[in-house]
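Here the structure is laid out as structure tokens; the discussion comes afterwards.
The values are calculated or read from the model by the stated rules, or taken from the named source; none is laboratory data. Because the structure is a prediction, the values reported are computed rather than measured. Virtual Cβ from ideal backbone geometry, glycine too; neighbours counted across all protein chains shown. What goes into the accessible areas is simple: the full protein's heavy atoms, side chains included, and nothing from ligands, DNA or RNA. Shrake-Rupley method; radii C 1.70, N 1.55, O 1.52, S 1.80 Å.
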Amino acid sequence: MNFLGRYIFSTDHKIIGLQYFILALIAAFTGMALSVAMRFHLSYPEAKVKLFEILWPNGAPGGVMTPELYLALMTMHGTIMVFFLLTTVPQGGFGNYFLPLQIGAHDMAFPRLNMLSFWTTALSFLVLCSAFVVEGGAPISGWTAYPPLSAVGPVAGPGLGQGMTIWVVSIALFSAGSLMGAINFITTTLELRAKGMSLLRMPLTCWGWFSTAIISLFAFAVLIAAGVLLLMDRELGTSFFLPAGLVINDKPIGRAGGSPLLWQHLFWFFGHPEVYIAILPGMGIISTVLATFSRKPVFGYKAMVAALLFIGFFGFLVWGHHMFISGMNPYSSIAFSVLTLIIGVPSAIKTFNWLGTIWGGSLHLTTAMLWALGFVSVFVTGGLTGIWLGQPALDLYFHDTYLVVGHFHMIMGVAAVFAMFAGTYYWWPRMTGRMLGETTGKVHFYCTFIGVYMIFIPMHFAGIAGNPRRYSDFSQFEFLRDLKMLHLGMTHAAFFTAAVQFLFLFNLLWSLRSRAKAPANPWRATTLEWATPSDEPPVVYRGAYEFSTPGARRDFRMQNEEEDTGT
Amino acid sequence: MLLAIVIWGVTGVVTAGFATKRWWFPAPINTHAAAFDSYFSANLIFSGIVFLAAQLALGWLIWRHRNRGQQAVHSDGNNRMELLWTSLTAILFLGAAIGSARMWSDVHLSTFSTTPMRIEASGKQFAWNFRYPGADGKFGKTDARLANDAAGNPAGILPDDPAGKDDIVNAALRIPAGRPVQLILRSNDVLHNFFVRELRVKQDLVPGLDIPLHILADKPGEYEIACSELCGLGHHQMRSVMIVLPQPDFDSWLGKQAAK
Amino acid sequence: MTSPGISRQASFTGLYAFFATIIMLFGAFTSAMVVRRGASKDWVGVPRSQLLWVNTGVLALSSIAAEKARRDLLNGHRMRFNIGWAAATLLGAGFVAGQFAVWQHLRHSGVYINSYPGSAFFYVGTVAHALHLAGGWIAMFYLMVRALRLQLGPGRRTAVDVTAVYWHFLGVLWLYLLWLFWFWGNWD
Ligand code: HEM
Ligand SMILES: [Cu+2]
Ligand SMILES: [Cu+2]
């Protein structure tokens, strides 16, 4: 096999997993750079930056960022982060690499479909980035793309012409790639498990990937449908989302009968489950890492599985909590609120079980473990504000304020990213045969942990003071001028946090240079990816987390260890 | 160990940040806003307790069970504990849902005992217009295509509709203190959102829909209206003010406008 | 789907998962249609063309032929399989051509995608269905070629079975769309 076949158009799940990982790494640093530029602009709106001018000659004439450039960066930041980081690493990256290994399969069920799914995703990313260079620049309608703004073309503002079309096409491609992945994950989990690997013996990571795949299967189909309808409104003159009588910028639009709320329903029917797509695999990783480094079984394994499935199902019934103030029927708000708070319960259950897992353990505070414990901390912090936002009476004030921005960054952004870091530190030895530097890793962790609290907690205060989100400038309102110092603090915290992420990059690259091979099972873990590779398909004798079993020879028993005689 | 200390430290700073209320809500100007504040306080206290308990417990567990060569306890879980914390959180969360449903109904599902004054609030990229029906109490029909600020018809009132002759259109929202007002929110271009912090309410303006919003302000003063739904590149400057006047001042202002 | 070494069971599981997304896709279109119809007063029905019934018949025959061919292959009647499968493929192409004719006909009578809400949903629904069908048709065609090269048999029939089941599924989906557009869309 030549280079192209082995590394580029590979059908090997391990290579594909790494491809997803690298794609997401590029996306993550891009998205982060955009956020730094945004924060910079918010605190130094007048500053002339040569780099902005070079990158966006039209968006930043003279180096001063225009409002439309800010909104374009914001849209691209949100889109890149949600789709190409959160949806890509945990599922496409780790899932592809480790699902077959953990269930003892030879590869994914449909390797060629798997390759196609990756290349569709990669193409979608390129398409998205191309929005920056077309006429009018990237779209300014946010990652939620609400019509009419997103549906009427460039009359409504810069970036809403070609840039917006490109955005829709990119999202449709991404959805198609995710659907292929989902079919593969579901089939692999159901059909290719090794002998003895009953569903309830699977590691919780596999449960996470499996339930995420099921959610993706339903959610992305709806997003494609919504995207198609939006594209028709934009390009072919239909009126799915455009009501009668629109006059934008003195130009009559001439459509009739459509409903802007219809888009919101379709979008959030996808969008809420999407946040679980982002976090469920991470929850699986956290459970595994906590158990391994506490040398204890996962507390309440079955409750954890039940909570995952419950979240997966109820996740489809709560989309309306994004629409409390949208003009939707006020009675449905109450129903959505009740359902939303109900779905908070399994998340709380998981948190209790994580605490139960470390309770009574023997905690080895490796870098992976630090990220996992940090995850529990930020998950609690972000989850509690979710309870506020799930209540329509409070959302009356908080909707579309910085409190929301603080909330979703904590629970969706930071928590999911912490899980990815935990997974990377934990699995890197298996993926590359090299250990990551623990000291660098710990410095990276502590700086990031403190950094994210310093960025995102103050956002909550700004939100309580009423600061609307998606503002490119805070100088027009008296009450916002009072928040200047607060924002300045966040901006500098963002600079700091972004800077320390290069430690991570450095750590990855440095480890590849080192000549010391990682041991086969460096964490003394129980799951199959750490088993000695052999040509025979593995046979599984026990559940995934047999740590510190009384009377056992060592403090862990691998799933494929036949019985407990010494070797 | 360091981690436990860092978690406790962060927890302390976050708690202190919320407790000092340096950046906080503006003072309420009606009973709904006051009720909102106390309901939020209850939420804050409740989540504060959970926050502290969870973070302190996390730090404590890390501290207490850090590896010092001890053997971990083998435990697969405990069904009674699962049941306990599941039902406990379920009760608390559902309590919150019910608690907030009451307040929500007060805003959106109740009616005033007296008939409210009707004002149309419309948004367009990136300005606000507030229209009063004038002496006849009726709004004239509008067509957005006719809207023209320069020609003195920002709302696009049809010239041949007699009901529109006495309509008053203003860029600021003036309302009498203590009197119920029904805003009719409309937009003819994109989504906007009517948000006055002191009222503790916000509501989207949706093209194609006339959305009623009941407000009542007791305290005279000037309050900023901030568009809170992304509406384009000027979203951040879509500002107006709500001026609450004592009834006599309001009446004389309205009289002067009508005379114009 | 056709690469060797994949168990039959896995192919079917993958297919059923694919059905789930297709159902969600058309479910989303349907609910959009229901909302769109309820939300405003400009609903005037969905375009009808008698040709649709002919197409329906052609698709049904194609499905029947595919099913018969599938059973023939199972029983080792390769020759009969070849004929039946080729017929199914041909009829499948006939359906797609027929749909093109319907669109053409509608456009000639001035019904475009942006003419009225019903026409928009009609075009979106039928085109989306035709695209799914085209995917299935390519698989059928490929299998036809392989069959003519004698590469299939009772022991190598998973691809045929999967394709046939997919084909039937799209047939049922078509009946649903027909009901939705012809009847539901035009009820008052
Ligand atoms: C260095 C870390 C990060 C910083 C400093 C940052 C900062 C920001 C800022 C300033 C905004 C715009 C807020 C506004 O104007 O309303 C924003 C929006 C957003 N961010 Fe981040 N962010 C970071 C990481 C992430 C991550 C990891 C995610 C992954 C979920 C994420 C997802 C989003 C989303 C979805 C939006 C909303 C975009 C929109 O309103 O359409 N961010 N972020
Ligand atoms: Cu949600
Ligand atoms: Cu606005």
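Structural remarks
- Here chain B is scanned for chymotrypsin sites (Phe, Trp or Tyr not before Pro) in DSSP loops (not H, G, I, E, B) that have at most 14 other Cβ atoms within 10 Å, and the longest stretch holding none of them is B:113-260.
- Förster radius 45 Å - calculated FRET efficiency between A:Gln476 and A:His364, Cβ distance, rounded to 0.05: 0.30
- Protein accessible area in the protein assembly as shown, 1.4 Å probe - carbon and sulfur %: 65
- Fully extending the segment from A:Val133 to A:Arg515, taken as 0.36 nm per residue of separation minus the present Cα-Cα distance, adds 133.3 nm.
- For the range C:1-114: rounded, prolate or oblate by the Cα gyration tensor [a/c cutoff 1.5]: oblate
- For chain C, modelled as a GNM whose springs connect Cα atoms under 10 angstrom apart, the maximal fluctuation among C:His108, C:His129, C:His77 occurs at C:His108.
- Partner aspartates and glutamates for A:Lys296 [C-alpha distance under 16 Å; skip if fewer than 8 residues away on the same chain]: A:Glu546, A:Asp555, B:Asp76
- Of interest is the spacing of the C-alpha centroids, which for the range B:40-54 and the range A:290-317 amounts to 25 Å.
- Unsatisfied cross-links (Cα-Cα over 29 Å) in the set A:Lys302/A:Lys517; B:Lys21/B:Lys124; A:Lys48/A:Lys484; A:Lys195/A:Lys442: A:Lys302/A:Lys517; B:Lys21/B:Lys124; A:Lys195/A:Lys442
- Reported to the nearest whole Å, the Cα centre-to-centre distance from the range A:321-350 to the range B:116-144 is 33.
- With a simple spin-label model that places each label point 7 Å from the Cα along the Cα-to-Cβ direction, the separation between A:Glu536 and C:His77 comes to 4.7 nm.
- Sorting the Cα pairs of chain B by distance into bins of 5 Å, from 0 upward, gives 1, 5, 9, 13, 13, 12, 10, 7, 6, 6, 5, 4, 3, 2, 1, 1, 0, 0 percent per bin.
- Counting only residues at least eight positions apart within a chain, or on another chain, the aspartates and glutamates with an alpha carbon under 12 Å from that of B:Lys202 are A:Asp395, A:Asp400, B:Glu229.
- Mean residue ellipticity at 222 nm, helices only, chain A: -20000 deg cm²/dmol; runs of at least 4 DSSP H residues each add -39,500 (n - 2.57), and the sum is divided by the number of residues.
- The residues of the range A:300-319 listed by number as losing at least 20 Å² of accessible area in the complex, against the isolated chain and with a 1.4 Å probe, are A:Gly300.
- Placing dummy labels 7 Å off each Cα toward the beta-carbon, the span from A:Tyr446 to C:Tyr16 is 5.3 nm.
- Reference-scaled alpha-carbon Rg (2.2 N^0.38 Å with N residues) for the range B:117-259: 0.99
- Cα centroid separation - the range C:32-72 against the range A:395-413, whole Å: 44
- Here C:Glu67 and A:Glu563 are evaluated by their C-beta separation; at R0 = 60 Å the FRET efficiency comes out at 0.75.
- For the range A:209-250, the convex hull drawn through the C-alpha positions has a volume of 89 cubic angstrom per residue.
- Here the mean projected area of the convex hull built on the C-alpha positions of chain A is 26.3 nm².
- Accessible surface, per residue, of chain B when the full set of protein chains is kept, probe 1.4 Å, Å²: 45
- Ligands, DNA and RNA are left out, and with a 1.4 angstrom probe the accessible area of the range C:4-183 is 45 Å² per residue.
- Within the same chain, lysines fewer than 8 places from B:Lys138 are excluded, and of the rest, those with a Cα less than 17 Å from its Cα are B:Lys165.
- In the range A:380-402, burial by the other protein chains removes 40 Å² or more of accessible area from A:Val380, A:Leu384, A:Ile387, A:Trp388, A:Gln391, A:Ala393, A:Leu394, A:Leu396, A:Tyr397, A:Asp400, compared with the chain on its own (1.4 Å probe, ligands and nucleic acids ignored).
- Degrees, to the nearest 10: C:158-178 long Cα axis against longest axis of chain C: 20
- Annotation: amide H-H contacts under 5 Å for B:Arg118 (H modelled 1.01 Å from N, sequence separation of 5 or more, or interchain): B:Gln182.
- Taking label points 7 Å from Cα along the Cα-to-Cβ direction, A:Phe506 and C:Leu51 give a separation of 6.8 nm.
- Backbone N atoms of the range B:26-62 closer than 19 Å to the 7 Å Cα→Cβ label point of B:Asp106 belong to residues B:26-46.
- Cα Rg, Dmax (largest Cα-Cα span) when computed across the protein assembly as shown, Å: 30.1, 101
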